[in-house]
Amino acid sequence: MKTELSDLDAIVAVAQAGGFREAARKRATNPSRLSDAVRRVESRLGVRLFHRTTRSVVPTEAGLRLLERLAPAMAEVESALDVVNTFRDTPSGRLCLNVPVSASRVVLPRIVPGFLAAYPDIRLEIVADSDLVDIIAAGCDAGIRYDEHLAPDMIAVPIGPRRQRFAAAASPAYLERHGVPAHPRDLLNHKCLRPKFSNGQLPIWEFQKNGETITLDPPAALVVNAGGATDLLIDTAVAGGGIVCLFEDWLRPYFAPGPLVPVLQDWWAEFPGPYLYYSSRRLVPAPLQAFIDFVRATSG
């Protein structure tokens, strides 16, 4: 019995998505077709490739060994086929980017609408994820990260503002009750609203002024997972629950005339802007090359 290339692609898709339903959504198909494809390969090989439960689909040991060789091979096949895409007047296909939630809020809104208008045949898929992931293993073409998180074998292209700041803010009602901090160390006596990384670490709060840098681990009245729950920090600050410290561009819409007041503004720390990054070991798909060219042409 011959193993079809599409069936092998289904194996990779299910493994990367962690299930049939999510894989079907990403491939614009239905779960039963992917399930049938996996069963055909398992029947052909005579081994089970996935442990299936009602809650999860996890590769078996045999499945993991197969995926070690199969995933890179399928990626190369896809890249080879994509070479033909360069002969089109306008590139088409899927482009998947893995980005921090902060980038989806403060960087991409300035880029995505214009890119989609310029390349109507490209389907752009954004995976907003604050965890550091292997973009290749996750089935993404590229990612956005800050320079301290870039792998050495990646090509990096500047994207978005090249200088950003962390901003601190609170509601007028909170400041009226608890006072306005005059120095970063005053935050040690305030209720602070803080994000937490998936590894459990709370990022320190950093402030800078006239060459002096102060780092703090202030008391937290509220801690939420960085990413999708971050809006809860802002909502709590608006409601008078404490002081929040996030990207300036994320908080700016809430400033005057709005529900939050900037605090310690002359101490806000600057940091370098993010980068679009992608593997130097793979051919660049036409949709990704179009995005890179668009970012370079519209930056600055």
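The values are calculated or read from the model by the stated rules, or taken from the named source; none is laboratory data. What you are looking at is a predicted structure, and each value in this text was computed from that prediction instead of being measured. Positions of Cβ are backbone-derived with ideal geometry, glycine not excepted, and every protein chain shown enters the neighbour counts. In case anyone asks, the SASA skips ligands and DNA or RNA and just uses the protein heavy atoms, side chains included. Shrake-Rupley method; radii C 1.70, N 1.55, O 1.52, S 1.80 Å.
If a residue must be out of contact with any Phe, Trp or Tyr (no Cβ under 9 Å at 6 or more places or on another chain) and under 30 Å from residue 215 (Cα atoms), how many such residues does the stretch 258-300 contain? The qualifying residues number 6. When the stretch 30-50 is filtered for residues that are more than 34 Å from the chain's Cα centre (by Cα) and among the acidic types (Asp, Glu), nothing remains.
Of all positions in the stretch 116-137, at least one carries a residue that is within 30 Å of residue 18 (Cβ to Cβ), out of contact with any helix residue (DSSP H, G or I) (no Cβ under 8 Å at 6 or more places or on another chain) and either open to solvent by less than 10 Å² (accessible area, probe 1.4 Å) or hydroxyl-bearing (Ser, Thr, Tyr) (or both). Please note which strands (runs of 3 or more DSSP E) are completely contained in the stretch 48-107 and include at least 1 residues that are at pLDDT below 90 and under 30 Å from residue 247 (Cα atoms). Result: 93-99. Within the stretch 197-248, being touching a strand residue (DSSP E or B) at 6+ places or on another chain (Cβ under 6 Å), within 18 Å of residue 175 (Cβ to Cβ), in contact (Cβ under 8 Å) with a residue 60 or more places away in the chain and in a helix (DSSP H, G or I) holds for one residue alone: 237. Summed over the stretch 249-293, residues that are assigned to a helix (DSSP H, G or I) and either of a type outside the set (Lys, Arg) or surrounded by 20 or more Cβ atoms within 10 Å (Cβ to Cβ) (or both) total 16. Within the stretch 1-46, the set of residues being outside any helix (DSSP H, G or I) and farther than 17 Å from residue 64 by Cα comprises 1, 2, 3, 4, 28, 29, 30. If you filter the stretch 158-180 down to residues that are modelled with pLDDT of 95 or more, of a type in the set (A, V, I, L, M) and not in a strand (DSSP E or B), you find that the one that is least open to solvent (accessible area, probe 1.4 Å) is 175. Being out of contact with any Gly (no Cβ under 8 Å at 6 or more places or on another chain) and among the small types (Gly, Ala, Ser) is the filter here; which residues of the stretch 268-293 pass it? Residues satisfying the conditions are 269, 279, 280, 290. Is the stretch 272-282 home to any residue that is more than 30 Å from residue 92 (Cβ to Cβ) and not aromatic (Phe, Trp, Tyr)? Among the residues of the stretch 272-282, at least one is more than 30 Å from residue 92 (Cβ to Cβ) and not aromatic (Phe, Trp, Tyr), which makes the answer yes.
Which of the residues belonging to the stretch 181-196 are assigned to a helix (DSSP H, G or I), open to solvent by 70 Å² or more (accessible area, probe 1.4 Å) and either of a type outside the set (A, V, I, L, M, F, W, C) or without any contact (Cβ under 8 Å) to a residue 12 or more places away in the chain (or both)?
If we filter the stretch 181-196 for residues that are assigned to a helix (DSSP H, G or I), which is where we start, we get 184-189.
Subsequent filtering for residues that are open to solvent by 70 Å² or more (accessible area, probe 1.4 Å) retains 185, 188-189.
Answer for the stretch 181-196, where residues must be assigned to a helix (DSSP H, G or I), open to solvent by 70 Å² or more (accessible area, probe 1.4 Å) and either of a type outside the set (A, V, I, L, M, F, W, C) or without any contact (Cβ under 8 Å) to a residue 12 or more places away in the chain (or both): 185, 189.
Which number in (1) over 23 Å from the mean Cα position of the chain (by Cα); (2) within 22 Å of residue 75 (Cβ to Cβ); (3) open to solvent by 20 Å² or more (accessible area, probe 1.4 Å) marks the one condition that residue 16 misses? For residue 16, the exception is condition (1). If the Cβ limit is 7 Å and pairs must be 6+ apart or interchain, which residue in the stretch 286-298 that is farther than 15 Å from residue 143 by Cα pairs with which residue that is open to solvent by 70 Å² or more (accessible area, probe 1.4 Å)? Filtered contacts from the stretch 286-298: 286/86.
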